[in-house]
Amino acid sequence: MNCFGINLSWPFTNRAGRLVVMLTALLLPVCIPLEVGAQTAKQKKEQLQQQMEKIQQEIKMMQEALRKNERTKEKSLSEIQTLQAKIRAREKLINNIQDQINELDVTIDSTRHEIEQRSQDLEKMKSDYAAMLRKSYGNLSLQNELAFILSAETFYDALRRYNYLNKAAEYRREQALRLRQYITALESKKDTLESTRQQKENLLAKQTEQKRVLETEKKEKDQAVAALQEKEKKLRRQIDEKNKLAQQLNQRIQAIIEDEIRQAKKKLEQSGKAGADKKESMPLTPEEQALSKDFLQNKGKLPWPVAKGVIISSFGRQEHPALKGVMIENNGLDIRSEAGAEARAVFEGEVVSVFYLPGMHHCVILKHGEYFTVYSGIETVHVKPAQKVNVKQSLGKLYTDKSDNNFTKIHIEFWKGKEKLDPQLWLAG
């Protein structure tokens, strides 16, 4: 039995049998290669474009803030921090464009190789198809086809031979159609290659422009730093004041966390389970354990404490933005936002403390099992102690410094018991 349902064991004549075998051998299927990895490349491209759009939005926000600063001749530390954040964002944008160019290079090489392979396959298909036509039509004229049918020994044999010839003719038509489709697909691939090359040229031009803008921004930042360095004494006083405020905030946070631990241990003792959790810094109820686990599982995916913002000062020890050789310590993350912005809870939890600290404004501490998040720089508070809050719930409106060109900032800290954590590792993106 062959692919057309003809039983070749039937008693064909020698000539007819050879003809059937020849046609069966000629009418072989031709496969068009499938796209390999195209979906993955598309997803990577879309991801990079989304990242680029996000970075561009950050740069736009900082440009708006800096444009307002142009009205005042006096440079401020907040302006320099914003300029530095803008430069970092611009560098990220240039790297993002380079990643897109690299992805396009891979696509171009892959498409070029596929076109070469398809061109070779196409030539073979044309050659095989031509050979099939020559041999089939050369051996099966109209008279030969009729003789092939009439030479059958039975009516059913003749009917099967007739159906076989019809299927052979239909297959030739299908092969011709596949050949045309293959040619169309090849032309489409060539168009795709040209389009990809044009995309690369556009990205290269965009990258060149971004590098030029970056150099301009670096010069602008250097000029602002030089202008501010002339007031070194004032800067050093500001550093001392901020260090004192940070220390006061740190002491207040530690005292509150220690009190929470004491209360948790006291409840444990009152429940008659004293000593069961001596090794733990903070005894937890089953609900708090579940909340802690959920909080940990969301590391790197937590929403930002403001709807829009850019990081102007990272966690840990770092050099002062304007004074060389002067190191500063940040126990959390400073994020610049827009005037009127509100502080938001990064995760569900309970308000354990709300207090006011001169220079830091109102501070709110949330408990998430054994984890704590601290939000400072709030002007008007919307929550109170012992209140349950949901993720992204407003904690209050941030303070805007009108004397510093509407500078609006939130300072956020992450703690696990008495241990400080880097918020940037926990927040999404």
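Bear in mind these aren't lab numbers, they're just calculated from the coordinates by the rules spelled out. The model shown is predicted, which means the values in this text are computed figures rather than measured ones. No Cβ is skipped: glycine too gets one built from the backbone with ideal geometry, and neighbour counts run over all protein chains shown.
Descriptive notes on the structure:
- Taken one residue at a time, the phi angles of region 112-121 give Karplus couplings (6.51, -1.76, 1.60, θ = phi - 60°) of 4, 5, 5, 5, 4, 5, 5, 4, 5, 4 Hz. Gly and Pro are set to x.
- Per-peptide average of other Cβ atoms within 10 Å, ordering 55-61, 188-194 highest first: 55-61, 188-194
- Segments 356-368, 203-215, 386-398 sorted - mean Cβ within 10 Å per residue, highest first: 356-368, 386-398, 203-215
- Residue order, fewest to most beta carbons within 10 Å, for 410, 256: 256, 410
- Taking label points 7 Å from Cα along the Cα-to-Cβ direction, residue 49 and residue 197 give a separation of 2.2 nm.
- Sequence-ordered 3J(HN,Hα) estimates for region 376-387 from the Karplus curve with 6.51, -1.76 and 1.60 and θ = phi - 60° stand at 10, x, 8, 8, 10, 8, 10, 10, 9, x, 6, 7 Hz, glycine and proline given as x.
- Of the cross-linked pairs 45/218; 218/324; 126/189; 367/402; 221/409, those separated by over 22 Å at the C-alpha level are 45/218; 367/402.
- Dipole axis of region 232-425 (+1 Lys, Arg; -1 Asp, Glu on Cβ), positive-most option in 318, 264, 408: 318
- Aspartates and glutamates with Cα under 12 Å of residue 392, excluding same-chain neighbours fewer than 8 positions away: 342, 348
- For residue 346, distant residues with modelled amide H under 5 Å away: 392
- Phi-based couplings in Hz for region 99-111 (Karplus 6.51, -1.76, 1.60; Gly and Pro marked x): 4, 5, 4, 4, 5, 5, 4, 4, 5, 4, 4, 5, 5
- Label-to-label distance for residue 338 and residue 222 is 3.4 nm, based on points extended 7 Å past Cα in the beta-carbon direction.
- Normalised by the number of residues in region 232-425, the average gap of Cα pairs under 8 Å and 6 or more apart makes the relative contact order 21 percent.
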